[in-house]
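The block underneath contains the structure these notes are about, expressed in structure tokens.
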Amino acid sequence: MKEFDLIGNYFAKGGYVRKDVLLGIGDDAAVTKVPAGQCVVTTTDTIVEGVHFLPQTAPESIAHRAIAVNLSDLAAMGAQPAWISLSLSLPSINESWLKAFSEKIHSLSHYFSFQLIGGDTVQGPLSITVTAQGFIPDDNQITRSGAEPGDWLFVTGSLGDAGVGLDLLQNKITVSNPEHASYLKNRHWFPTPRVLAGTTLRRIATSCIDISDGLIQDLKHVISRSEVGAIVHLDKLPISEAITKNIENGIDAITYAATAGDDYELLFTVPEEQRVHIETALASYNIPVTRIGQITGATGKIDLRLNQKPFEFESRKLGFEHFS
Ligand SMILES: [Mg+2]
């Protein structure tokens, strides 16, 4: 389809330009140069209308989320973003939609210093696949498998906001304070990938994962890959004022924080000797960080505590269920 070839025009100009891209958009393939002493970290994520975002979501939010989920995966490895490829499936050509979508990608490219180096467009249901590549100094990647008993468990930012925001958008709940409501919706529409936190954690964190499916669900990946267990103090979870002031039942607020997805905060482990170091380092960048528990030797077991007492969620609430 000829018209679809023209879509490239929206993406070829206006974005951030990097010196390590020898050939970008416009040829059969891109050519890029990896700096000496660096490894390339690669991740791919697809977001689909009706599965990962609601129908009628603004193009700015779709573009933001498509990029953010990938940069978040790079951040979880400790990588600095460099190059992005974009594959776009569109039901039809809508010029104003494409303009808003591509301008958002360009503005993110300037903010995070990545270059859009290629992509493809097809006609089909609305879905966006992004491949993101970043750099990490040789062998400095942070994996899910390095947590050791005794390490402290930390999270960045606050938890549950995106989940509450989504429920708000679907009219499942109401939030009377308009500023809080808009903060919560924006946390769903425009999640912040923790790129700076990720690179700061290199050589300090023993393991790291980004919270895409919910704190407990993603913690399961870490304890399983690291062959350890964990204690989580639910009363310590960082919960925003927008949630605590509007969700009256404390257990409901904690349930959002522990089980809702799409916050894209980082969950990581740090040995005792690095504990103060990491708190100071992240504070110096104004990145909020909270210690929520500790790694144990009880392999495969997550021990949830509320005010020191054992606690269990209703099982149906555990883990993020996509809303389709
Ligand atoms: Mg991830």
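The values are calculated or read from the model by the stated rules, or taken from the named source; none is laboratory data. Keep in mind the model is a prediction, meaning the values are calculated, not measured. Here Cβ is always computed from backbone atoms with ideal geometry, including for glycine, and neighbour counts include all displayed protein chains. We work out accessible area using only protein heavy atoms, side chains counted, and drop any ligands, DNA or RNA first. Shrake-Rupley method; radii C 1.70, N 1.55, O 1.52, S 1.80 Å.
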Would you check if THR174 is assigned to a loop (DSSP other than H, G, I, E, B) and within 19 Å of SER72 (Cβ to Cβ)? no
Wholly within the range 264-312, which strands (runs of 3 or more DSSP E) include no fewer than the required count, namely at least 3 residues that are out of contact with any Ser or Thr (no Cβ under 8 Å at 6 or more places or on another chain)? 289-296, 302-306
When the range 181-204 is checked residue by residue, the ones that are crowded, with 19+ Cβ neighbours inside 10 Å and of a type in the set (D, E, K, R) are LYS185, ARG187, ARG194
Return the residue satisfying two criteria in turn: it lies in the range 221-245 and is in contact with an Asp or Glu (Cβ under 9 Å, 6 or more places away or on another chain) and either among the aliphatic types (A, V, I, L, M) or within 15 Å of the ligand (Cβ to nearest atom) (or both), and of such residues it is most open to solvent (accessible area, probe 1.4 Å). HIS221
Report, by residue number, each residue of the range 148-170 that is part of a loop (DSSP other than H, G, I, E, B) and more than 19 Å from GLY297 (Cβ to Cβ). GLY157, SER158, LEU159, GLY160, GLN170
Mind counting the residues in the range 110-137 that are under 22 Å from THR46 (Cα atoms) and either assigned by TED's automatic domain parsing to the domain that holds ILE254 or in a strand (DSSP E or B) (or both)? 18
Condition (residue is buried (at least 21 other Cβ atoms within 10 Å of the Cβ) and under 24 Å from GLN294 (Cα atoms)) applied to the range 171-180: is it met by at least one residue? no
Test: ASP252 is open to solvent by 10 Å² or more (accessible area, probe 1.4 Å) and in contact (Cβ under 8 Å) with a residue 12 or more places away in the chain: no
Within the range 181-220, can you find the residues that are more than 15 Å from the ligand (Cβ to nearest atom), part of a loop (DSSP other than H, G, I, E, B) and closer than 20 Å to LEU153 by Cβ? ARG202, ARG203, ILE204, THR206
Select the helices (runs of 4 or more DSSP H) contained entirely in the range 1-104, then report the ones holding at least 2 residues which are open to solvent by 50 Å² or more (accessible area, probe 1.4 Å) and away from the ligand (no atom under 16 Å from the Cβ). 2-5, 8-12
Here are the criteria: (1) open to solvent by 40 Å² or more (accessible area, probe 1.4 Å); (2) away from the ligand (no atom under 16 Å from the Cβ); (3) assigned to a loop (DSSP other than H, G, I, E, B); (4) out of contact with any Pro (no Cβ under 8 Å at 6 or more places or on another chain). Tell me which single one ASN140 does not satisfy. (1)
